[in-house]
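Here's the structure we're looking at; comments come further down.
All of the numbers you see were taken from the coordinates with simple rules; none came from a lab. Computed from a prediction, not measured in an experiment: that's the story for all the values here. Every residue, glycine among them, receives a Cβ derived from its backbone with ideal geometry; neighbour counts consider all protein chains shown.
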Amino acid sequence: MRDPSLLDANPTYVSWDYVDLSKATMQSADLSRSRMGHANLTGVDLSNAKLREAQWAVEWINLTKAILVKADLTGAHLDTATLRNAVLIGAKMRGASLAYANLHGARLSNVDKEAVASEFSWPVEANADLAKADLEGADLTNADLRGVDLTGATLYDADLRGARLDGAKLTGAKVDGARGLPPSLRP
């Protein structure tokens, strides 16, 4: 598709495999319970979209530079998805699963505060890539971030109380105002 637009589309329960929706405009689309695999959604605009319980974890999903501002990802499965430089500002992520997802450079600031605690009880895998991720103000209380690469991440005003950070890489991380960060990890 060339510059496809699915504004306000409602293809609930649809299964899309091997699609190329790169740079598509899908603002406010309802993709709840949809299934997707081997899909290219590079640069797609899913602002305010509903992706509740979407199963986008079956196979490779490329959401590089995707715009998911205020998207509802409640219960969505985006395991193994590539979300490099994606923008998830204000997204609702209660119960979302992002196991093995690549979030390098992703912007996750102002993620729904009620959801963040469960968001980071996703299985964040050891050696997960959150380098340069924007986690400003995120509630990471009791998050298991062992071995996670947070190199250059923005953690301003993040709450890290009780977070497990053994082996986490925080080189160059911006931690001003972060609560609960052990003194040994402060620059």
- Query: Looking at the stretch 73-88, which of its residues are farther than 13 Å from G43 by Cα and free of Cβ contacts under 8 Å to residues at least 40 places away in the same chain?
  - Reply: L73, G75, A76, H77, L78, D79, T80, A81
- Note on the structure: Taking the stretch 22-66 and the residues there that are under 13 Å from L78 (Cα atoms) and of a type in the set (D, E, K, R), the one that is surrounded by the fewest Cβ atoms within 10 Å (Cβ to Cβ) would be E59
